[in-house]
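The values are calculated or read from the model by the stated rules, or taken from the named source; none is laboratory data. Everything quoted here is computed from the prediction, not taken from an experiment. Cβ: placed from backbone, ideal geometry, glycine included. Neighbour counts: every protein chain shown. Areas reflect the complete protein model, heavy atoms only, side chains present, ligands, DNA and RNA absent. Shrake-Rupley method; radii C 1.70, N 1.55, O 1.52, S 1.80 Å.
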Amino acid sequence: MEILWVRGSHNISWNRPYAWLVLGMRGTGKSAFLERLAEYHLQHGNCILDLFAARSGENLAWLRSPWRKEKRILLLCSENAIVEPPSGVDVKPAEKLGLKDFEEYDIIINSCILYPNIDSEFHAVNLIIDRLWQRRKWKRLVFVVCREAANLMYSRMKVAENQALAKAFLTYWLRESRHSGCSLGVDSQRFMALDIDVRSLADFVVLKAQGALGIPRDLWFLYRVLEPAWLQYMKPREFAILSRRGDIGVGCFKCPAWHAREGEDVAGKVGLKVKFEEVPEEAEYRGKYRTIGDREHAEIIALYVEEELSIDKIARQLGRSIKSIHDHLVKHDSSVAKLGYCPRCRRAKGKFESVKAKRESV
């Protein structure tokens with residue numbers, strides 16, 4: 001990467017916990033730029049956490065990079081994922097990620113391909129972020145790559161009370177990440193989707209092609225130094241850079257040869273195979289009422305079929321209403337009749353998933 005500073009200058013250190021914010025239209029090379037930053041961090045002995053990527057699983061392209069031969073790679077996945085990784089690559093559920101993993105592994109990849117749905121992925125992201133906050137002391141920097149800043153806010157909304165708190169979290173992370181030994185690389189398509197507080201906290205704002213939207217009013221001073229038409233139409237390998245103290249530069253970089261291309265089946269090309277076990281649905285509280293989860297459903301069937309307890313006795317033993325027990329027996333028998341098995345019993349690994357219960361009248 002080459003940078004020509006046209007106003008001021010800045011000596012970039014790859015061992016300092018900077019916050020990088022990359023802004024530009026879709027297809028302007030934002031992800032490739034973040035990957036190039038990550039490669040510089042790898043060259044200086046830092047750890048890479050590729051936290052968020054497109055739904056195609058573009059960050060799995062690390063598995064075909066030259067770094068795979070010389071660096072230790074860890075894939076994070078859902079607890080119910082059965083993963084067959086390429087040789088030499090380790091896999092661990094995100095729930096079991098430990099602080100020592102940031103010292104033992106060089107590249108840690110969290111990809112949507114390894115989760116059954118987006119809610120599961122967002123939950124894992126929050127677990128990973130909370131684990132990073134626990135770093136009170138550290139020996140090496142962790143460069144966190146997060147493609148599309150909005151995804152980070154969406155994930156935080158799963159645990160925050162509202163959108164304002166989710167945005168406040170991003171601001172807080174940019175300000176405090178250095179204290180947990182994290183350097184951040186975040187990109188966004190829409191400049192105005194990020195508050196000025198977020199933009200002002202970034203150590204470096206990198207501008208890719210801005211298109212028709214242009215840059216916000218608080219950055220119009222850049223038009224005095226940089227050609228507006230170039231900012232609008234620059235090529236994917238080109239960029240403009242603004243440091244937090246006001247240094248302005250222009251530069252170019254070489255896109256990593258292993259970078260994922262649009263529409264490419266990255267998981268298939270790197271030989272990654274993933275399938276998911278069905279996870280039992282847990283009971284939920286709806287006001288004061290607690291629903292019956294899959295495990296309790298399977299227990300009801302077992303008590304009725306194996307123990308031959310009456311509906312009344314099962315209701316007293318489990319602290320449920322007679323109607324609830326009766327309804328679950330009816331649903332169980334209906335599923336067995338239609339499908340040949342009960343999905344709830346199967347998820348809970350119940351012994352009687354294919355056995356139809358003989359119901360009593362209530």
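Counting each DSSP H run of 4 or more residues in the chain as -39500 (n - 2.57), what helix-only mean residue ellipticity at 222 nm follows after dividing by all residues, to the nearest 500 deg cm²/dmol?
-9500 deg cm²/dmol
At a Förster radius of 56 Å, what calculated FRET efficiency corresponds to the Cβ-Cβ distance of Arg140 and Gln317, to the nearest 0.05?
0.55
Leaving ligands, DNA and RNA out of it, report the carbon-plus-sulfur percent of the accessible area of the chain at a 1.4 Å probe.
Of all accessible area on the chain, carbon and sulfur atoms account for 49 percent.
In a shell of Cβ-Cβ distance under 12 Å around Ala302, excluding Ala302 itself, what net charge do Lys and Arg (+1) and Asp and Glu (-1) give?
For residues surrounding Ala302, the net value is -3.
When all protein chains stay in place, what accessible area (Å², nearest 10, 1.4 Å probe) is found for Arg320?
Arg320 exposes around 30 Å² with every protein chain in place.
Which of the trypsin sites (Lys or Arg not before Pro) found in region 63-122 are loop residues per DSSP with 12 or fewer other Cβ atoms within 10 Å of their Cβ?
Sites meeting the loop and neighbour criteria: Lys100.
Any idea how far apart Arg217 and Met1 come out in nm if each label point goes 7 Å out from Cα toward Cβ?
For Arg217 paired with Met1, the spin-label model returns 3.2 nm.
Check the chain for me: any Cys whose beta-carbon has no other cysteine beta-carbon within less than 4.7 Å?
Cysteines lacking a close Cβ partner in the chain: Cys47, Cys77, Cys112, Cys146, Cys182, Cys252, Cys255.
Averaged per residue, what accessible area in Å² does region 268-362 show with a 1.4 Å probe, protein chains only?
Roughly 65 Å² per residue, with all protein chains present.
Among bridges DSSP assigns within the chain, what percent are antiparallel (round to 5)?
Taking every DSSP beta bridge within the chain, about 40 percent pair in antiparallel fashion.
Run the reach check for Lys351 against lysines, Cα to Cα strictly under 24 Å, same-chain hits fewer than 8 apart removed. What comes back?
Cα-Cα hits under 24 Å: Lys275, Lys313, Lys323, Lys331, Lys338.
Checking the a/c ratio against 1.5 first, then a/b against b/c, what shape does the Cα gyration tensor give for region 261-310?
oblate
Among (i) 22.2; (ii) 28.8; (iii) 16.8, only one was calculated for this model; which label is it, if the read-out is mean projected area of the Cα convex hull in nm²?
Read-out from the structure maps to (i).
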